[in-house]
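Inspection log for the structure reproduced underneath, given as structure tokens.
The values are calculated or read from the model by the stated rules, or taken from the named source; none is laboratory data. Everything quoted here is computed from the prediction, not taken from an experiment. Note: ideal-geometry Cβ built from the backbone for every residue, glycine included; neighbour counts use all protein chains shown.
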Amino acid sequence: MEFVSPEGLRLDGRRPMEMRQIRAEIGAVTKADGSAVFEMGNTKVIAAVYGPREVQNRSQQINDQALVRCEYSMANFSTGDRMRKPKGDRRSTEISLVIRQTMEACILTHLMPRSQIDIFVQVLQADGGTRSACINAATLALADAGIPMRDLVTSCSSGYLNSTPLLDLNYVEDSAGGPDVTVGFLPKLDKVTLLQMDSKLPIDIFENVMQLAIEGCKAIANYIREIMLENTKQLEYRRGI
Amino acid sequence: MREIELSLNQTQKIRLKRALEKLESSSSKANSNSNASVSISDSIPVNHEDGVLKGHGTLDLNGELVATLCGVVERVNKLVYVRALRARYKPEVGDIVVGRVSEVAQKRWRLDIHYSQDAVLMLSSMNLPDGIQRRRTALDELNMRSIFEENDVICAEVRGIQHDGLHLQARSQKYGKLERGQLLTVPPYLVRRRKQHFHHLEQYGVDLILGCNGFIWVGEHVEAKDDMVEDQVSKPEQQKSNKNSISLEEQEQTYTPIETRQNICRIANAVRVLSILGFNITIEVIMDTMNLSSSLNLDIHEMLGSEFCVLVAEGEAERRSLTKRKG
Amino acid sequence: MLHSKTFVKKTRGGKVNKQVREHYLRDDIYCGAPICKLCDSSAARLSPSASTILVLDTNVVLNQIDLLENSAIDDVVMLSVVLDEVKNKNMGVYNRVRALCSNSLRRFFVFANEHHKDTFVKEMAKESKNDRNDRAIRVAAQWYQSHLGGAARVLLITNDKENKRKAIAEGISAETIESYVKSLDRPDLLDLVVQPSSEDVEMEEVEDLRPSKRKVIYTEHKPMSEITSGLHRGIYHQGKLRVNRYNPFEAYVGSESIGDEIIIYGRTNMNRAFDGDIVAVELLPQDQWHEEKSLSIADEEDEEEDVHLAPSSADDAPRTTNLVQGSAGDTNAVSSRPSGCVVGIIKRNWHSYCGSLEPMPMPAGSGGTAHALFVSKDRRIPKIRIHTRQLENLLDKRIIVAVDSWDRLSRYPSGHYVRTIGEIGDRDTESEVVLIENDINSRPFSSQVLACLPPLPWSVSSEDLANPIRQDLRDLRVFSVDPPGCKDIDDALHCTALPSGNFEVGVHIADVTNFVHPGSPLDDEASQRGTSVYLVERRIDMLPKPLTEDICSLRSDVERLAFSVIWEVTPEADIISTRFMKSVIKSCAALSYIEAQARMDDSRLMDPLTTDLRNMNVLAKKMRSRRIERGALTLASAEVKFQIDTETHDPLDVGMYQIREANQMVEEFMLAANVSVADKILKHFSLCSLLRRHPSPTREMLEPLLRTAAAVGLNLDVSSSKALAESLDRAVGDDPYFNKLIRILATRCMTQAVYFCSGDLSPPEYHHYGLAAPLYTHFTSPIRRYADVIVHRLLSASLGIYKLPSIFQDRPQLTSIADNLNYRHRNAQMASRASVELHTLIYFRKRPTDTEARVVKIRSNGFIVFVPKYGIEGPVYLTARSEKGGGEWFVDEQQQKIKKMDGSLSYSVLQTVRIHMEVVEPQPNRPKLQLTLT
């Protein structure tokens, strides 16, 4: 199938190096300590953070750092077929783990010993790149909850179809079966914290594709930072002195 | 950015926007240079030659001071720290907090005070109902539940952080169990530390406790809390026996007049509105909001409507610009 | 820069399911006209001086692609909506349009109107997809018009009346393709214009001119919905229509639902289906299963039997599964095979065809248009009606014609002229026809492919020698035995007596994979070509010449890289051990079969090389006899060999290919190497090996052989290959050629061996019937067969030398490679045969000959003879063709005899007759070889 036309347009009209439209909103869940909605095109994800709070299961309490937990789920209405999504299937367990590890790596857990941080992410609309959107939403929600972090962590995917590196695959491109590289990136520290790939790629091409995803992460980081700063300013001036 | 979650019509939207803009301009005029907002991983400009003490919310990254929180940079002498806004409660010794009992444990209660852990209230840091200073006996331990049970709301003071967590104390008549009222939770940053956190609003017959942890208590004014506690202690058997069928006498005793209840609700709603708008919650602002609502002859439930919200926002904007001009 | 627009699409995948896709509209899509001031013109394709810019409608692109390929049509804007529609409807046309758009010599610009913010149109309520697309085209045309201002005229070309009307109403200049081409004043182009089918108004007047043709000839195709439901309910059966190569009025549809082939007799039942179409078939009532056939033959025009090469396998042979054709009055034998008729065509397999025009007198007012009938070279294709203005030029030419439509009012499909190949009868033209017909790529290798070659002159480098994976076998006495003049030597042998009395025998195969790396353009090209093609006068290589004839060729006295299989063999020819290795060899002699044979036969020669040859020959004979014991068939084919004049390339002499002991010796060791390699690779890669299998023939397939054998009193046992081999051995008649003839007939009944991916079949199916080997593959000719290249890679991976290329992990792809190889292999064979047929014709053109022939098949009006000397087969008519089946002769089915009524003459099958061969031209420019009794 032709995913990039010879004119250099993708199926949805983007060029290979372009991301979908991104939009973020902080504070979607009032009851949570921190929450955010993150959209990448038609992919829409909501994240809620509870904590740091008392550890629910005492036996899991860690004496020198916080316990980070994450639960990923997909809303039944998130895909076209409205299938009942069983909870805790292999895929969501895996993505939960991926998100937890990514977020844990950037939270300064040692500052909150004997406490627990819960991250709940739910996909409201799935159109490829849910994993990345979840990480971005979780970052925003954690920042909203005032949890100290080493750096922002942002994520973006890229792929390689029709011999072209493509940024931010949507569902159609994702299901083409080509390589799908998801990168989690710390923009300030300039470090990659997450790197996943389905399928195979020669190493030299892989480096290009990964670099593209990193560029995507940087762009998202800039956007997220703007959103957070704006949010902070708003809170501050509304509160008054 | 955080949206205020209200269903507004077009004009209300514009009015709210205008009011918020006004607030923004007045606040930015007030503190244009002293404290700047930062978000995570933004670097904080510091003069290293003066020597810098890095405080909360900062991290040293290759000689660069970097924020780990979203918030406002505060500088106190050499100390540079980031004051987070929306975060859990950060206790300081002497803070007056309101909490809810989450667990009754060995010689202690555990209280949820919106901190990263549950706070501990030792039986020993608690004035006994009989008011006598003595060693706590095993019997006292067995009777702990008669003092505070799970889910009771309690007012206490932060005693300090020990090895096993945050300790509270309630060694005064003004602390203790809170009854006949509402507990409101607001983000802790909206409650500032002040000299006075207990307010007795005589004209309404209402007690208002602004807990530093963002837990706000609005309840019927109680003069002699000890009596009540004593009451319960003295008649534990009776209470257990006829919990469901309360005697007439008791009913009268626990009866709160309808006006007081309405006042409680009104104050609670005023706090809610302020919390939605993200305004500082002080006794003055609460009273202003109260007065505004009663002057408009609004029903209690109408206070949570969008129109009142917009009015409060406009009033607050007006008030702040006035104080600004005066200052 | 991004404008987002989401829209809702409903797709049917069993369920209705709402799909939401993003659709970004952009403002950075440029118009492609260099004269435009607003747009970035760096990617502009249109010419700066274009006075008219064409915007094409989908139907124009779909139908008039041949016209568009003509360089007279230029400055075209291809809208992306049109491209998408074309892609959905016809992938072949889409690829051609894409090629046009990327051709730097042509000025075709693709305008992504669907993503341009001003030209995107949203589907309106109650608007069909087609209408929306038409509107999108008009909007884009209008945009161009206003965008370019007056700088160029924008012309919308559409053959859709409604679209044209609306366009003109909206102020867009629009024309049909016919009127546009007319305005160009290029009469030759008009031939390329596809006539619209009769549904369009304009055609009606043309149709009216031929009132005799107005009657409905074919039944209407069922609508798609009905076909789908019919298939679902099992009333209809879906399958690919295969027309009998030797009888175009008979076709087969392999149906999975019925598990058998459905026979379709006659054009009426075929109902306008072409060979290769995917069709829906309805079964006829059982009582019509046979009757239908005789009806259809009477109905249709005379079938003409041509002289052709004797077929070499069942795949090429006429599929006369049941009775001798046309035996009138023979109705008791009702065919048990289901027959049916086509009710609908699911997917057309139309492409362009080679052939010539049926001779016809020049119409009165020449220069005007004329209707002509085109006869394809491929007999499976019906005649095609075309419309031409250059009849006098085309009559004696080989031309290519494409099919456009076939409506039920006309007996023949209508098409249009595409291009001329050359004059009929001209050897080059006819050779090209052969190549085109068989889809053989004879273009020179592209520069990218040539760039993959190592620099010349090439020699074994010290690195190759130092490479630990490569063994130095230069000291072995390696030699090659090939046909004389062979330049692409891909195999060499050695045989050394060991002190133990055993022999070490080695087969050394050119190490092609050392030069052809997976994924390189060279590899892609080779895998596409699949095999080298040997025509009588030329060879079309799979790999570029430097590799084929020099670098890989195991020539004598030069060091070459090889992939070697080395056995230790007992004097009884039992293989004790097998080793595989990459090696460096130095051949000491490149012998021809004749030389090798001469050396072995010359008892005076005692040099080491001759001794080796003799040793090998002894071993080979033993291996061969053991193989035959296992049941391998000794089959025969009637291969012929031409001697070609080096100057004129005309054939000088023709004769049967002679097989010597030396040939068999080499063949034996190649077989052994292939079997050893097959074992090895299957052991390592049980799911992704490329093997070759030969399916056992069914009894049905052997039926013609049995009938013929029975007629001459021969009883063949076909229960197993061994039984068949033995009874073939016993079939010794009174004349020396009898046995070979029977063998030729037997060979003809079998299908060809095919390549397959081992994961696709179960191990019992791997069997190779003809060789009686449980496993077989091709390893020994990597220079000329791509299958061997793949096997080389598998073998080196199994030895751990190289990693297995990733393609092997993808079974569907491996299967598709195997399918392509089978297709190419078959086409290459067909092409060689066609080339031989062509040269036979050229040879006999100047040499009318009398010769001996054998009757192989009895017909109602004559018989088919096989001419052993020239390997050809053709009909001998006893009666003139006009009085077909006219009572004078009658056929004895049981005895396979044709007798004159008065009993004075009779011919029976396998009888020897003397015939006269002569090239005649019954019609100008249509030479054919005619066989008559002398």
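A few points about this structure:
- Contact map, region C:19-34: first residue facing chain A (nearest Cβ under 7 Å) and on the phi < 0 side of the Ramachandran plot, second residue among the charged types (D, E, K, R) and surrounded by 17 or more Cβ atoms within 10 Å (Cβ to Cβ), Cβ cut-off under 6 Å, separation 6 or more or different chains; pairs are C:GLU22/A:ASP12; C:HIS23/A:ASP12; C:TYR24/A:ASP12; C:TYR24/A:ARG14.
- Test for A:ALA75: is it more than 10 Å from chain B (Cβ to nearest Cβ), in contact with a Cys (Cβ under 8 Å, 6 or more places away or on another chain) and on the phi < 0 side of the Ramachandran plot: no
- For region C:701-729, the set of residues classified as farther than 25 Å from C:SER625 by Cβ and among the charged types (D, E, K, R) consists of C:GLU703, C:ARG707, listed by residue number.
- Within region A:126-167, considering residues that are on the phi > 0 side of the Ramachandran plot and within 11 Å of another protein chain (Cβ to nearest Cβ), the one farthest from the chain's Cα centre (by Cα): A:GLY146
- Just one of the listed residues (C:ARG881, C:ARG926) is modelled with pLDDT under 75, surrounded by 14 or more Cβ atoms within 10 Å (Cβ to Cβ) and out of contact with any Asp or Glu (no Cβ under 6 Å at 6 or more places or on another chain), namely C:ARG926.
- For region A:78-96, the tally of residues that are in a helix (DSSP H, G or I) and free of Cβ contacts under 8 Å to residues at least 40 places away in the same chain stands at 7.
- Checking C:VAL82, C:VAL16 one by one, the residue that is at pLDDT 80 or above and within 14 Å of chain A (Cβ to nearest Cβ) is C:VAL82 and no other.
- 1 or more residues hydroxyl-bearing (Ser, Thr, Tyr): qualifying strands (runs of 3 or more DSSP E) within region C:412-523: C:414-423, C:478-482, C:491-497
- Evaluation of A:ASP118 against (1) buried (at least 23 other Cβ atoms within 10 Å of the Cβ); (2) in a strand (DSSP E or B) (one fails), failing number: (1)
- Output for region A:143-184, where each listed residue is over 30 Å from B:ASP60 (Cα atoms), of a type in the set (S, T, N, Q) and in contact with a strand residue (DSSP E or B) (Cβ under 8 Å, 6 or more places away or on another chain): A:SER157, A:SER158, A:ASN162, A:THR164, A:ASN170
- First in region B:121-136 and assigned to a loop (DSSP other than H, G, I, E, B), second anywhere and at pLDDT 85 or above, Cβ under 6 Å, 6 or more apart: B:ASN127/B:ARG171; B:ARG136/B:LEU123; B:ARG136/B:SER124
- Any hit, region A:99-111, residues being in a loop (DSSP other than H, G, I, E, B) and under 21 Å from B:ARG86 (Cα atoms): yes
- Taken over region C:58-80, the residue count meeting the criterion of being surrounded by 16 or more Cβ atoms within 10 Å (Cβ to Cβ) and closer than 24 Å to C:ILE35 by Cα is 9.
- Matching residues in region C:81-99 - criterion: being farther than 20 Å from C:LEU25 by Cβ and crowded, with 22+ Cβ neighbours inside 10 Å: C:VAL86, C:VAL97
- Across region B:80-96, the number of residues qualifying as in contact with a helix residue (DSSP H, G or I) (Cβ under 6 Å, 6 or more places away or on another chain) and under 26 Å from B:SER172 (Cα atoms) comes to 1.
- Positions within region B:155-194 being assigned to a strand (DSSP E or B) and touching an Asp or Glu at 6+ places or on another chain (Cβ under 9 Å), in sequence order: B:GLU157, B:VAL158, B:GLY165, B:LEU166, B:LEU168, B:GLN169, B:ALA170, B:GLY176, B:LYS177, B:LEU178, B:GLY181
- Taking region B:195-218 as the range and being part of a loop (DSSP other than H, G, I, E, B) and either surrounded by fewer than 21 Cβ atoms within 10 Å (Cβ to Cβ) or among the aromatic types (Phe, Trp, Tyr) (or both) as the test, the residues that pass are B:LYS195, B:GLN196, B:GLY205.
- Extreme residue, nearest to C:THR708 (Cα to Cα), among residues of region C:833-873 that are part of a helix (DSSP H, G or I) and among the hydroxyl-bearing types (Ser, Thr, Tyr): C:THR840
- Restricting the search to strands (runs of 3 or more DSSP E) fully inside region B:1-77 and requiring at least 2 residues that are at pLDDT 80 or above and more than 21 Å from A:THR232 (Cα to Cα) gives B:58-61.
- Check on C:GLY425, surrounded by 17 or more Cβ atoms within 10 Å (Cβ to Cβ), out of contact with any His (no Cβ under 7 Å at 6 or more places or on another chain) and at pLDDT below 80: yes
- C:ILE29 vs. criteria buried (at least 17 other Cβ atoms within 10 Å of the Cβ) and more than 44 Å from the chain's Cα centre (by Cα): no
- Against the conditions (1) touching a residue at least 12 places away in the same chain (Cβ under 8 Å); (2) more than 14 Å from chain A (Cβ to nearest Cβ); (3) more than 29 Å from B:ARG193 (Cβ to Cβ), B:LEU139 satisfies every one except (1).
- Answer residue from region A:210-232, given it is under 13 Å from the mean Cα position of the chain (by Cα) and within 11 Å of another protein chain (Cβ to nearest Cβ) and is farthest from A:VAL37 (Cα to Cα) among those: A:ALA221
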